[in-house]
Structures are given as C-alpha cells and as structure tokens.
Amino acid sequence: MAPILMYHYLADPPADSPHRGLYVPPAEFAAQLELLRRRNVATLSPTEYSQHLTDGAFPRSTWLTFDDGKLDNHAIGLPLLKKYGAKATFFVTVEPCLSSAAGYMPVPALKEMIAEGMSIGSHTMTHPRLARLPEDEMRREIIDSRKRLQDALGDPIDSFCYPYGNWDKRVLDTVAEAGYSLAVSTVRGNRNGEAERWCLKRAMVQPGRTGLRFRYLFGLLYHWEHSFKNRGKWKPRAS
Ligand SMILES: [Zn+2]
C-alpha cells in the first residue's frame with residue numbers, strides 16, 4: 001500500500017482564489033513530513049514506485065508528487081524535504097522552467113533538486129489539455145518535453161503527469177511510446193496496480209490535512225470512498 005500524494009503549491013491559500021485547494025501551508029507540509037518520518041513511511045522515487053507496482057516492494061511507503069514546477073516547491077519544499085529526510089518528484093511544465101519564466105523553477109533549481117535526491121518528471125511543454133490537441137502538437141508536448149528536460153538536466157526523465165488529468169487512449173499510448181516508465185493522473189485514489197501504470201490514481205493533499213485528516217488519505221475508507229465515486233468514469237475513452 002503506497003498512496004501517491006498530489007501537491008501543487010506550498011503557500012498559505014489566498015483567501016479569494018478559486019484554486020485555494022491547490023495550496024498547502026508550509027507548516028502543514030512540515031507536519032505531514034514529520035508524521036511520515038515518525039511512522040517510518042518511506043518516500044519513494046519514480047523507479048522505486050515502479051518496483052512497488054511490479055512486485056510489491058516498499059510496502060510501507062508513499063510517493064510525494066508536485067505538479068506544475070512552481071518556485072515555492074524549491075524555496076519552501078526542498079529545505080523541508082531535506083530536514084525530514086524525505087524525497088519527492090516534481091512534474092514541471094517544461095517551457096516556462098527552461099526559459100526561467102517568473103514563478104517557475106529555473107534549470108539551476110531543478111539541478112539542485114536532483115543533486116539533493118529529488119526527481120523531476122515531465123508535465124508537458126506548455127500545460128495543455130492533451131486530448132484536445134492535433135496529433136503533432138500532442139506528440140510534441142509529450143515526446144519533446146522529455147527530450148528537452150533530459151538535455152537540460154543531464155538526467156533520465158522516467159515519469160509523466162497529465163495536465164488537468166486530461167487524457168484519452170491516443171495520449172496514453174504516446175506517453176508509453178515516448179520512453180516514460182509510468183504516468184500519474186488526477187483520478188483520486190490511494191491504491192494502484194500494474195494495470196494502472198499509465199494513469200495512476202493519486203490522493204490530493206488540500207489545505208487542512210494534518211493529523212487524522214492526513215492519515216485518512218492512506219486508509220481503506222479513502223479507498224472505498226473514491227472507488228465508489230470513480231465508478232463508471234475510470235477507463236480511458238476511446239479516441
Ligand atoms: Zn498542472
């Protein structure tokens with residue numbers, strides 16, 4: 001049982017934002033890492049999670065994932081992860097990161113992440129809804145983003161994350177063909193099997209998840225609740 005936790009931004013949620021749910025206050029993230037350490041829950045790399053899918057390795061673990069590649073992941077997240085001896089994977093939007101756009105982690109920050117034991121994955125070039133793109137643009141977003149990241153960082157890129165959780169069979173096949181070894185979705189859930197390697201379910205960490213409310217993300221109750229909610233909308237639509 002190794003739930004994949006989904007984070008976006010580490011900051012206090014802005015009061016008036018419709019995206020409040022994407023913000024986790026730094027103090028809450030620290031408390032979550034502290035709890036994981038206290039309970040001896042290992043934090044996995046994509047390679048370790050892939051092993052977990054294949055043969056059940058790392059039974060007491062979690063995979064911490066961050067979407068988008070925002071600067072707070074480096075400024076706030078990295079020091080906390082180091083402090084608690086944890087590791088995480090950062091799915092970065094490649095174009096704004098490689099061009100050092102305001103608010104995104106530039107290449108030196110990404111390299112520092114890797115040097116500190118973190119992993120970087122692709123979240124496409126420009127963060128589009130992949131299933132809505134023409135074939136050539138869709139392929140560029142998936143295939144070129146991996147190549148560009150590998151060239152810039154000098155490190156293999158093995159994992160992929162669908163922007164907006166938007167994918168269909170055509171998109172999923174291209175991700176598998178591009179050389180990634182696994183991909184995460186925004187479908188909620190805390191249990192995955194080998195069959196879900198290209199559209200892994202995640203548990204979203206929203207503000208307020210401390211103590212029991214955080215531990216709930218790991219439990220059977222969460223699994224049942226979301227299995228029920230996901231029924232009928234889980235399989236990829238035919239393209
Ligand atoms: Zn995203």
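Values as computed for the structure displayed
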read-out: Of the criteria (1) hydroxyl-bearing (Ser, Thr, Tyr); (2) farther than 18 Å from Tyr49 by Cβ; (3) touching a residue at least 60 places away in the same chain (Cβ under 8 Å), which one Ser119 fails; value: (2)
read-out: Identity of the residue in the range 1-55, within 16 Å of Leu80 (Cβ to Cβ) and β-branched (Val, Ile, Thr), that ends up farthest from the ligand (Cβ to nearest atom); value: Val41
read-out: Looking only at the range 3-51, and only at residues there that are touching a strand residue (DSSP E or B) at 6+ places or on another chain (Cβ under 7 Å) and part of a helix (DSSP H, G or I), the one that is nearest to Asp155 (Cα to Cα); value: Pro46
read-out: Boolean, Pro13 is over 28 Å from Ser100 (Cβ atoms) and either touching a Ser or Thr at 6+ places or on another chain (Cβ under 6 Å) or in contact (Cβ under 8 Å) with a residue 12 or more places away in the chain (or both); value: no
read-out: Residues satisfying the stated conditions in the range 181-208, i.e. of a type in the set (D, E, K, R), away from the ligand (no atom under 15 Å from the Cβ) and touching a strand residue (DSSP E or B) at 6+ places or on another chain (Cβ under 7 Å); value: Arg188, Arg197, Lys201
read-out: Every residue from the range 52-63 that is in a loop (DSSP other than H, G, I, E, B) and touching a strand residue (DSSP E or B) at 6+ places or on another chain (Cβ under 6 Å); value: Phe58
read-out: Single residue of Leu78, Leu133 found to be within 16 Å of the ligand (Cβ to nearest atom) and among the hydrophobic types (A, V, I, L, M, F, W, C); value: Leu133
read-out: Tabulated pairs, the range 196-207, first among the charged types (D, E, K, R), second assigned to a helix (DSSP H, G or I) and at pLDDT 95 or above, C-beta under 7 angstrom, 6+ apart or interchain; value: Arg197/Leu53
read-out: Matching residues in the range 161-200 - criterion: being buried (at least 23 other Cβ atoms within 10 Å of the Cβ) and of a type in the set (D, E, K, R); value: none
read-out: Among (1) on the phi < 0 side of the Ramachandran plot; (2) in contact with a helix residue (DSSP H, G or I) (Cβ under 9 Å, 6 or more places away or on another chain); (3) at pLDDT 95 or above, the one test that Asp12 misses; value: (3)
read-out: Residue satisfying condition, being at pLDDT 95 or above and out of contact with any Phe, Trp or Tyr (no Cβ under 8 Å at 6 or more places or on another chain), within set Ala115, Ala131; value: Ala115
read-out: Qualifying residues in the range 167-180 (those that are part of a loop (DSSP other than H, G, I, E, B) and closer than 14 Å to Pro134 by Cα) - the one nearest to the ligand (Cβ to nearest atom); value: Trp167
read-out: Sole residue being surrounded by fewer than 16 Cβ atoms within 10 Å (Cβ to Cβ) and either among the hydrophobic types (A, V, I, L, M, F, W, C) or touching a residue at least 12 places away in the same chain (Cβ under 8 Å) (or both), chosen from Ala88, Ala102; value: Ala102
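The values are calculated or read from the model by the stated rules, or taken from the named source; none is laboratory data. None of the values given here were measured: they were computed from a predicted structure. Because the Cβ atoms are built from the backbone with ideal geometry, glycine has one as well, and the counts that use them run over all protein chains shown.
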